[in-house]
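K.L.:
This is the structure I have questions about; it appears just below.
The values are calculated or read from the model by the stated rules, or taken from the named source; none is laboratory data. Keep in mind that this is a model prediction, so the values were computed, not measured. With ideal geometry, Cβ positions are generated from the backbone for all residues, glycine too; neighbour counts draw on all protein chains shown.
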Amino acid sequence: MHNSFYEPAGDGSYLATPATTGPWSADTQHGGPPSALAARELEAFRPDPGQRLARVAVDILRPMPAGRLTLATRMVRPGRRIALLETVMECDGQEVLHARGWRIARSPEPTPAVAPPGAPPLPPMPPARPRLPFSGMHTDGYLAAIEWRFVSGGFDHLDPAGGRAWTRPRIPLVPGEDLSPMCRALLVADSGNGIGAVLDPARFLFLNVDLTVVLWRDPPGEWLLLSAATNIGTQGSGMVETTISDRDGALGTATQTLIVAQRQPG
(Lines give C-alpha, C1' and ligand atoms only; values in the text may rest on other atoms or scores of the structure.)
Protein backbone atom coordinates (compact mmCIF):
# COMPACT_ATOMS: atom_id res chain seq x y z
CA MET A 1 0.00 0.00 0.00
CA HIS A 2 1.38 3.40 -0.97
CA ASN A 3 1.46 6.24 1.54
CA SER A 4 -0.59 8.70 -0.54
CA PHE A 5 -2.10 9.26 -3.97
CA TYR A 6 0.31 12.12 -4.77
CA GLU A 7 3.69 13.43 -3.68
CA PRO A 8 4.31 17.21 -3.86
CA ALA A 9 7.00 18.06 -6.44
CA GLY A 10 7.21 21.85 -6.02
CA ASP A 11 6.00 24.76 -8.18
CA GLY A 12 2.39 23.58 -8.19
CA SER A 13 3.34 20.10 -9.37
CA TYR A 14 2.63 16.63 -7.98
CA LEU A 15 3.89 13.16 -8.74
CA ALA A 16 1.17 10.54 -9.05
CA THR A 17 1.91 7.36 -7.13
CA PRO A 18 0.80 3.91 -8.37
CA ALA A 19 -2.21 4.26 -6.01
CA THR A 20 -3.81 6.58 -8.58
CA THR A 21 -3.94 3.97 -11.36
CA GLY A 22 -7.43 2.90 -12.36
CA PRO A 23 -9.15 -0.42 -13.05
CA TRP A 24 -8.90 -0.21 -16.84
CA SER A 25 -5.11 0.14 -17.08
CA ALA A 26 -2.07 0.02 -14.82
CA ASP A 27 -0.59 2.95 -16.78
CA THR A 28 -3.32 5.59 -16.44
CA GLN A 29 -4.93 7.31 -13.49
CA HIS A 30 -8.43 6.78 -12.21
CA GLY A 31 -10.49 9.96 -12.48
CA GLY A 32 -11.08 10.23 -8.72
CA PRO A 33 -7.61 11.23 -7.47
CA PRO A 34 -6.94 14.01 -10.04
CA SER A 35 -10.48 15.37 -9.54
CA ALA A 36 -9.86 15.51 -5.79
CA LEU A 37 -6.46 17.15 -6.36
CA ALA A 38 -8.09 19.81 -8.53
CA ALA A 39 -10.67 20.49 -5.80
CA ARG A 40 -7.85 20.89 -3.28
CA GLU A 41 -6.44 23.63 -5.48
CA LEU A 42 -9.85 25.31 -5.83
CA GLU A 43 -10.14 25.42 -2.04
CA ALA A 44 -6.59 26.67 -1.47
CA PHE A 45 -6.61 29.49 -4.03
CA ARG A 46 -7.30 32.82 -2.27
CA PRO A 47 -9.14 30.96 0.51
CA ASP A 48 -12.13 32.56 2.20
CA PRO A 49 -13.17 30.96 5.51
CA GLY A 50 -16.65 32.41 5.00
CA GLN A 51 -17.20 30.28 1.88
CA ARG A 52 -17.46 26.58 1.21
CA LEU A 53 -16.84 24.68 -2.03
CA ALA A 54 -20.35 23.52 -2.90
CA ARG A 55 -20.03 22.34 -6.51
CA VAL A 56 -17.18 21.06 -8.66
CA ALA A 57 -17.52 20.22 -12.35
CA VAL A 58 -14.63 18.27 -13.89
CA ASP A 59 -13.99 17.62 -17.57
CA ILE A 60 -11.50 14.81 -18.26
CA LEU A 61 -9.85 15.73 -21.56
CA ARG A 62 -7.73 12.63 -22.14
CA PRO A 63 -6.24 9.65 -20.29
CA MET A 64 -3.79 10.75 -17.60
CA PRO A 65 -0.49 8.89 -17.27
CA ALA A 66 0.62 8.19 -13.73
CA GLY A 67 3.30 10.86 -13.92
CA ARG A 68 3.92 14.49 -13.00
CA LEU A 69 0.90 16.81 -12.87
CA THR A 70 1.03 20.61 -12.90
CA LEU A 71 -1.95 22.71 -11.83
CA ALA A 72 -2.76 26.36 -12.48
CA THR A 73 -5.76 28.04 -10.82
CA ARG A 74 -7.50 31.35 -11.47
CA MET A 75 -10.46 33.27 -10.12
CA VAL A 76 -13.13 33.47 -12.82
CA ARG A 77 -15.72 35.41 -10.84
CA PRO A 78 -14.74 36.86 -7.46
CA GLY A 79 -17.35 37.71 -4.88
CA ARG A 80 -18.22 37.63 -1.19
CA ARG A 81 -21.42 35.60 -1.60
CA ILE A 82 -20.35 33.43 -4.56
CA ALA A 83 -17.04 32.91 -6.31
CA LEU A 84 -16.23 30.81 -9.38
CA LEU A 85 -12.74 29.35 -9.77
CA GLU A 86 -11.05 27.23 -12.41
CA THR A 87 -8.12 24.81 -12.28
CA VAL A 88 -6.33 23.49 -15.36
CA MET A 89 -4.22 20.35 -14.96
CA GLU A 90 -1.38 19.43 -17.32
CA CYS A 91 0.67 16.29 -17.79
CA ASP A 92 3.57 15.88 -20.25
CA GLY A 93 2.82 19.31 -21.72
CA GLN A 94 -0.83 18.55 -22.45
CA GLU A 95 -3.96 19.74 -20.69
CA VAL A 96 -5.63 16.67 -19.21
CA LEU A 97 -8.33 18.04 -16.91
CA HIS A 98 -10.35 21.21 -16.35
CA ALA A 99 -12.23 21.79 -13.11
CA ARG A 100 -14.56 24.64 -12.15
CA GLY A 101 -15.87 25.14 -8.65
CA TRP A 102 -18.46 27.39 -7.02
CA ARG A 103 -17.59 28.61 -3.55
CA ILE A 104 -20.73 29.80 -1.76
CA ALA A 105 -20.93 31.95 1.36
CA ARG A 106 -21.71 30.13 4.59
CA SER A 107 -24.91 31.32 6.19
CA PRO A 108 -24.31 33.09 9.53
CA GLU A 109 -27.41 31.34 10.86
CA PRO A 110 -28.47 27.73 10.19
CA THR A 111 -30.85 27.46 7.23
CA PRO A 112 -33.78 24.99 7.26
CA ALA A 113 -32.72 21.52 6.12
CA VAL A 114 -35.19 20.01 3.64
CA ALA A 115 -35.03 16.39 2.45
CA PRO A 116 -37.11 14.75 -0.29
CA PRO A 117 -40.16 12.95 1.13
CA GLY A 118 -40.11 9.19 1.20
CA ALA A 119 -36.32 8.83 1.07
CA PRO A 120 -35.37 5.17 1.57
CA PRO A 121 -33.63 4.24 4.81
CA LEU A 122 -29.87 3.92 4.68
CA PRO A 123 -28.58 0.35 4.43
CA PRO A 124 -26.36 -0.95 7.22
CA MET A 125 -22.68 -1.20 6.49
CA PRO A 126 -21.69 -4.75 5.48
CA PRO A 127 -18.66 -6.37 7.15
CA ALA A 128 -15.24 -5.91 5.63
CA ARG A 129 -14.08 -8.45 3.07
CA PRO A 130 -10.40 -9.36 2.60
CA ARG A 131 -10.42 -8.92 -1.19
CA LEU A 132 -13.17 -7.87 -3.57
CA PRO A 133 -13.53 -9.95 -6.78
CA PHE A 134 -13.02 -7.24 -9.43
CA SER A 135 -12.39 -9.80 -12.13
CA GLY A 136 -10.42 -8.60 -15.13
CA MET A 137 -9.62 -5.27 -13.48
CA HIS A 138 -6.31 -3.73 -12.42
CA THR A 139 -6.72 -3.97 -8.64
CA ASP A 140 -3.36 -2.88 -7.23
CA GLY A 141 -3.90 0.86 -7.63
CA TYR A 142 -6.98 2.92 -6.85
CA LEU A 143 -9.21 -0.08 -6.17
CA ALA A 144 -6.87 -1.21 -3.39
CA ALA A 145 -6.49 2.32 -1.99
CA ILE A 146 -10.24 2.63 -1.30
CA GLU A 147 -12.15 0.47 1.18
CA TRP A 148 -15.35 -0.88 -0.38
CA ARG A 149 -18.36 -2.24 1.51
CA PHE A 150 -20.82 -3.24 -1.23
CA VAL A 151 -24.51 -3.42 -0.37
CA SER A 152 -25.57 -4.25 -3.95
CA GLY A 153 -24.21 -4.04 -7.49
CA GLY A 154 -20.57 -3.65 -8.46
CA PHE A 155 -18.37 -4.83 -11.32
CA ASP A 156 -18.90 -8.51 -10.54
CA HIS A 157 -22.54 -8.25 -9.43
CA LEU A 158 -24.32 -6.34 -12.17
CA ASP A 159 -27.74 -5.04 -11.17
CA PRO A 160 -29.93 -3.08 -13.63
CA ALA A 161 -31.46 -1.30 -10.62
CA GLY A 162 -28.06 0.15 -9.69
CA GLY A 163 -25.48 -0.43 -6.98
CA ARG A 164 -24.75 0.81 -3.47
CA ALA A 165 -21.47 0.80 -1.59
CA TRP A 166 -20.03 2.37 1.54
CA THR A 167 -16.59 3.77 0.74
CA ARG A 168 -13.63 5.47 2.40
CA PRO A 169 -10.03 6.14 1.32
CA ARG A 170 -7.30 4.14 3.02
CA ILE A 171 -4.57 6.74 2.32
CA PRO A 172 -4.42 10.56 2.13
CA LEU A 173 -4.49 12.53 -1.10
CA VAL A 174 -1.11 14.10 -0.25
CA PRO A 175 1.09 13.19 2.72
CA GLY A 176 0.19 14.64 6.11
CA GLU A 177 -3.16 16.17 5.12
CA ASP A 178 -6.73 15.25 5.94
CA LEU A 179 -9.11 15.18 3.03
CA SER A 180 -11.65 18.00 2.90
CA PRO A 181 -15.31 16.95 2.47
CA MET A 182 -15.39 17.91 -1.24
CA CYS A 183 -12.05 16.24 -1.97
CA ARG A 184 -13.23 13.06 -0.26
CA ALA A 185 -16.51 13.11 -2.21
CA LEU A 186 -14.80 13.60 -5.59
CA LEU A 187 -12.22 10.93 -4.81
CA VAL A 188 -14.87 8.22 -4.45
CA ALA A 189 -17.80 9.61 -6.50
CA ASP A 190 -15.91 9.07 -9.74
CA SER A 191 -16.53 5.36 -9.06
CA GLY A 192 -20.28 5.69 -9.60
CA ASN A 193 -20.00 4.09 -13.04
CA GLY A 194 -18.34 1.06 -11.42
CA ILE A 195 -20.65 0.76 -8.43
CA GLY A 196 -23.70 1.13 -10.65
CA ALA A 197 -22.29 -0.93 -13.54
CA VAL A 198 -24.86 -2.58 -15.81
CA LEU A 199 -22.52 -3.95 -18.50
CA ASP A 200 -19.88 -6.67 -18.25
CA PRO A 201 -16.51 -4.85 -17.98
CA ALA A 202 -14.82 -7.81 -19.67
CA ARG A 203 -16.83 -7.02 -22.82
CA PHE A 204 -17.49 -3.27 -22.60
CA LEU A 205 -15.77 -0.03 -21.68
CA PHE A 206 -17.94 2.57 -19.93
CA LEU A 207 -15.62 5.46 -19.24
CA ASN A 208 -16.74 8.82 -17.91
CA VAL A 209 -15.65 12.02 -19.63
CA ASP A 210 -16.75 14.27 -16.79
CA LEU A 211 -17.79 14.37 -13.14
CA THR A 212 -19.98 16.93 -11.38
CA VAL A 213 -20.42 16.81 -7.61
CA VAL A 214 -22.78 19.03 -5.61
CA LEU A 215 -22.73 18.88 -1.80
CA TRP A 216 -25.47 20.72 0.05
CA ARG A 217 -23.80 19.91 3.34
CA ASP A 218 -20.35 18.73 4.35
CA PRO A 219 -20.01 15.18 5.72
CA PRO A 220 -18.27 15.14 9.12
CA GLY A 221 -17.04 11.55 8.88
CA GLU A 222 -14.90 9.54 6.47
CA TRP A 223 -17.47 6.96 5.29
CA LEU A 224 -19.63 7.87 2.28
CA LEU A 225 -22.43 5.78 0.78
CA LEU A 226 -22.67 5.91 -3.02
CA SER A 227 -26.00 4.87 -4.54
CA ALA A 228 -25.45 4.80 -8.30
CA ALA A 229 -27.87 4.23 -11.20
CA THR A 230 -26.81 3.97 -14.85
CA ASN A 231 -28.71 4.75 -18.06
CA ILE A 232 -27.22 3.77 -21.44
CA GLY A 233 -28.62 4.50 -24.89
CA THR A 234 -28.06 2.74 -28.23
CA GLN A 235 -25.62 5.31 -29.64
CA GLY A 236 -22.59 4.83 -27.39
CA SER A 237 -23.45 7.30 -24.63
CA GLY A 238 -24.69 6.91 -21.09
CA MET A 239 -25.14 8.68 -17.79
CA VAL A 240 -24.64 7.77 -14.15
CA GLU A 241 -26.49 9.52 -11.33
CA THR A 242 -25.16 8.92 -7.82
CA THR A 243 -26.62 9.95 -4.49
CA ILE A 244 -23.95 10.63 -1.88
CA SER A 245 -24.90 9.96 1.75
CA ASP A 246 -23.31 9.55 5.15
CA ARG A 247 -24.70 8.04 8.33
CA ASP A 248 -27.03 11.04 8.74
CA GLY A 249 -28.61 10.77 5.28
CA ALA A 250 -28.19 12.16 1.78
CA LEU A 251 -25.84 15.13 1.42
CA GLY A 252 -25.09 15.47 -2.30
CA THR A 253 -25.21 14.14 -5.84
CA ALA A 254 -22.76 13.20 -8.56
CA THR A 255 -23.29 12.83 -12.30
CA GLN A 256 -21.06 11.30 -14.98
CA THR A 257 -21.39 11.26 -18.77
CA LEU A 258 -20.22 7.95 -20.24
CA ILE A 259 -18.68 6.85 -23.50
CA VAL A 260 -19.70 3.22 -24.03
CA ALA A 261 -17.94 0.85 -26.44
CA GLN A 262 -17.19 -2.82 -26.91
CA ARG A 263 -13.73 -3.84 -25.77
CA GLN A 264 -11.35 -4.88 -28.50
CA PRO A 265 -10.20 -8.53 -28.35
CA GLY A 266 -6.72 -9.05 -26.93
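K.L.:
Please work out if residue 38 is under 16 Å from the mean Cα position of the chain (by Cα) and modelled with pLDDT of 95 or more.
P.N.:
It is true that residue 38 is under 16 Å from the mean Cα position of the chain (by Cα) and modelled with pLDDT of 95 or more.
K.L.:
Can you tell me which of (1) in contact with an Asp or Glu (Cβ under 7 Å, 6 or more places away or on another chain); (2) among the β-branched types (Val, Ile, Thr); (3) over 20 Å from residue 194 (Cβ atoms) is the one residue 114 doesn't meet?
P.N.:
Going through (1) in contact with an Asp or Glu (Cβ under 7 Å, 6 or more places away or on another chain); (2) among the β-branched types (Val, Ile, Thr); (3) over 20 Å from residue 194 (Cβ atoms) one by one, residue 114 breaks only (1).
K.L.:
Moving on to the next point. Can you confirm whether residue 174 is surrounded by fewer than 16 Cβ atoms within 10 Å (Cβ to Cβ), in contact with an Asp or Glu (Cβ under 8 Å, 6 or more places away or on another chain) and closer than 28 Å to residue 88 by Cα? Explain how you work it out, then say what you get.
P.N.:
Details: surrounded by fewer than 16 Cβ atoms within 10 Å (Cβ to Cβ): no; in contact with an Asp or Glu (Cβ under 8 Å, 6 or more places away or on another chain): yes; closer than 28 Å to residue 88 by Cα: yes.
In short, no.
K.L.:
Being hydrophobic (A, V, I, L, M, F, W, C) and either free of Cβ contacts under 8 Å to residues at least 24 places away in the same chain or in contact with a helix residue (DSSP H, G or I) (Cβ under 7 Å, 6 or more places away or on another chain) (or both) is the filter here, so list the residues in the stretch 49-66 that pass it. I'd like the intermediate steps shown before the answer.
P.N.:
Of the residues in the stretch 49-66, the ones hydrophobic (A, V, I, L, M, F, W, C) are 53-54, 56-58, 60-61, 64, 66.
53, 56, 58, 64, 66, listed by residue number.
K.L.:
Being more than 14 Å from the chain's Cα centre (by Cα) and buried (at least 17 other Cβ atoms within 10 Å of the Cβ), is that true of even one residue in the stretch 185-194? Give the steps one after another, and end with the answer.
P.N.:
Kept after step one, since they are more than 14 Å from the chain's Cα centre (by Cα), are these residues of the stretch 185-194: none.
Within the stretch 185-194 (the criterion being more than 14 Å from the chain's Cα centre (by Cα) and buried (at least 17 other Cβ atoms within 10 Å of the Cβ)), the answer is no, since none of the residues qualifies.
K.L.:
If I ask for residues that are surrounded by 23 or more Cβ atoms within 10 Å (Cβ to Cβ) and in contact with a His (Cβ under 9 Å, 6 or more places away or on another chain), which ones from the stretch 5-47 would you list?
P.N.:
19, 20, 21, 22, 38
K.L.:
Could you tell me how many of the residues in the stretch 11-66 are assigned to a strand (DSSP E or B), β-branched (Val, Ile, Thr) and farther than 23 Å from residue 253 by Cα?
P.N.:
2
K.L.:
Among the residues in the stretch 64-79, are any under 18 Å from residue 146 (Cα atoms) and touching a strand residue (DSSP E or B) at 6+ places or on another chain (Cβ under 9 Å)?
P.N.:
In the first step, residues of the stretch 64-79 are kept if they are under 18 Å from residue 146 (Cα atoms); the result is 66.
Checking the rest, the ones that are also touching a strand residue (DSSP E or B) at 6+ places or on another chain (Cβ under 9 Å) come to 66.
Yes.
K.L.:
Is there any pair linking a residue in the stretch 1-15 that is at negative phi and among the charged types (D, E, K, R) to one that is modelled with pLDDT of 95 or more and in a strand (DSSP E or B), with Cβ under 8 Å and at least six apart or on different chains, and which?
P.N.:
From residues that are at negative phi and among the charged types (D, E, K, R), the pairs are 7/14; 7/15.
K.L.:
Checking the condition under 26 Å from residue 225 (Cβ atoms), modelled with pLDDT of 85 or more and among the aliphatic types (A, V, I, L, M), which residue from 82, 104 passes?
P.N.:
104
K.L.:
Here's something else I'd like to know. Residues to consider are 31, 12, 50; find the one that is under 19 Å from residue 95 (Cα atoms) and over 18 Å from the mean Cα position of the chain (by Cα).
P.N.:
It is 12.
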